[in-house]
Every structure is written in C-alpha cells, then in structure tokens.
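Take a look at the structure set out below.
The values are calculated or read from the model by the stated rules, or taken from the named source; none is laboratory data. None of the values given here were measured: they were computed from a predicted structure. Every residue, glycine among them, receives a Cβ derived from its backbone with ideal geometry; neighbour counts consider all protein chains shown.
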Amino acid sequence: MKLPLLAAALACVSLVAVADEADIRKAVETKLGKVEKIVKAPMAGIWEVTVDGQVFYSDDKATYLIFGNLLETKTGKNLTAERQFNSLPLDLAMKQVRGSGKNIMVTFEDPNCGYCKKLAKDILTLKDVTVYTFLYPVLGDDSYDKSKAIWCAPDKSKAWTDWMNNGKAPPAITAKCDTAGLDKSALLGRKLRINGTPAIFFANGERIGGYIPAPEIEKRFSGTGG
C-alpha cells in the first residue's frame, strides 16, 4: 500500500475509534446521566465509564451496562476499586506525611467521631505513611461548624490533628472563607455511599467502613491484611 493510502486508512481507523467512543458516551448518557470519563477497559470489547463518581462498564454497542468490580484473575487486583481510589480529588483532602510517606491511605472523617479520634492517635504511630483526610460532617448538629472552622484555619492539617488528638479547637474564623471545597468533600462522601465514619481506603482499592487499629493498617501496607 502506498504511503498516502496507508495514511488515509489510518485516519479512517482513528475516526472510527473516536466515533465509537462518542457513540458509547451518548448511549450511556441517555441511561445514566453525564459521563465524566470514558476509556477502554482492560477486557476486550468493554468500555470503562465513570458517571457521578461511580465506575460502570459497557459493551462496544452500549447494549449492556455492568455495575460491579472488574477483577484481574492473575493478580487478584480489584481494578475497579483501584481506579476509584486513583480518581479521588486529593486536593480537597488534608494531608499528613510521616517518614517517607510511601504508604498511602485515604480517610473520610467527622470531627465529632470518637473512633476517628482513636484512629488519629493510631496514625501518629504509623511509619512511612501519607494520610489524606476528607472532612465528612455527618454525625452531629455542629459537625459542619467544626469542620468549617478546621477548613478555614490557616493550616488545615494542623488544625485537624490538634483537634482530633488534643481537643484543641481551631482558631475563630476572622475572615471570609470559601467553603466550596468542604462542600465538595461532603458531596464526594455521599457519592461514594459512605454511611459512617471513619471510612478508610487503601491504594489497592480496599475499602473499610469503620475503625481498624494501627497493626491492621500496617498489615494492609505490607500486603498481608484484608
């Protein structure tokens, strides 16, 4: 095949691929709402579609939709859960780093949560960890007010750890504070169907609804837990 003809053929293939993606997007949106992201799934003939923070799967013709976990049989990895973990908007979370920070975990917590305070003390004993904490005020009437005070503090992470570990209230809010990020954090928790705090997520996609002690967390990091 001459080069011009080859280039034309490749262009046609590319256009078909784009059209396929557009068709899948359109078909899914008629059923589920606005598609946030769409990519080819690791399994042949399947598309991975993210809608409202949730991962769905569609066949090439959008005839069938699957909601559930896609597992890799060779490794046992939960690819769906890993994808959701990696797509979390960590810029909305407070960040603590201990040691090298090589082990990553994400928590959703309420400032009125007793087990969250217990977890906060355990986190101080962990080595080489990065903890991203999303404020999720759901437990008490003043949970939002406390979360807002922490969110509006000059150093959110310090205000959080001072409150959870020592009961030290954050400084009074003296200037106008944009709470859009706090509201997005709360909305994210609802999208993920988090019904209580703490909720803990690990980089391998494992999700735990409730408190676990430091030794159990360390087991997850070493790959021996769960």
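Table for the structure above
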| item | result |
| --- | --- |
| Test set (1) in contact (Cβ under 8 Å) with a residue 24 or more places away in the chain; (2) loosely packed, with under 14 Cβ neighbours inside 10 Å; (3) over 16 Å from the mean Cα position of the chain (by Cα) - ASP110 fails condition number | (2) |
| Tally, over segment 21-77, of residues that are surrounded by fewer than 16 Cβ atoms within 10 Å (Cβ to Cβ), touching an Asp or Glu at 6+ places or on another chain (Cβ under 8 Å) and of a type outside the set (Lys, Arg) | 7 |
| Scope segment 124-137; condition surrounded by 20 or more Cβ atoms within 10 Å (Cβ to Cβ) and β-branched (Val, Ile, Thr); matching residues | VAL129, VAL131, THR133 |
| Matching residues, segment 44-70, being aliphatic (A, V, I, L, M) and touching a Leu at 6+ places or on another chain (Cβ under 7 Å) | VAL51, LEU70 |
| Test: residue in segment 162-169 that is over 20 Å from the mean Cα position of the chain (by Cα) and within 19 Å of LEU92 (Cβ to Cβ) | yes |
| Top-ranked residue in segment 34-60 [being out of contact with any Gly (no Cβ under 7 Å at 6 or more places or on another chain) and modelled with pLDDT under 85; ranked as farthest from LEU90 (Cα to Cα)] | GLN54 |
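Each row is one residue, and each column tells you yes or no for (1) assigned by TED's automatic domain parsing to the domain that holds THR133; (2) closer than 17 Å to ILE123 by Cα; (3) in contact with an Asp or Glu (Cβ under 9 Å, 6 or more places away or on another chain).
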position: ILE173; (1), (2), (3): yes, no, no
position: GLY181; (1), (2), (3): yes, no, yes
position: LYS184; (1), (2), (3): yes, no, no
position: GLY189; (1), (2), (3): yes, no, no
position: ARG193; (1), (2), (3): yes, no, no
position: ALA199; (1), (2), (3): yes, yes, yes
position: ASN204; (1), (2), (3): yes, no, yes
position: GLY210; (1), (2), (3): yes, yes, no
position: ALA214; (1), (2), (3): yes, yes, yes
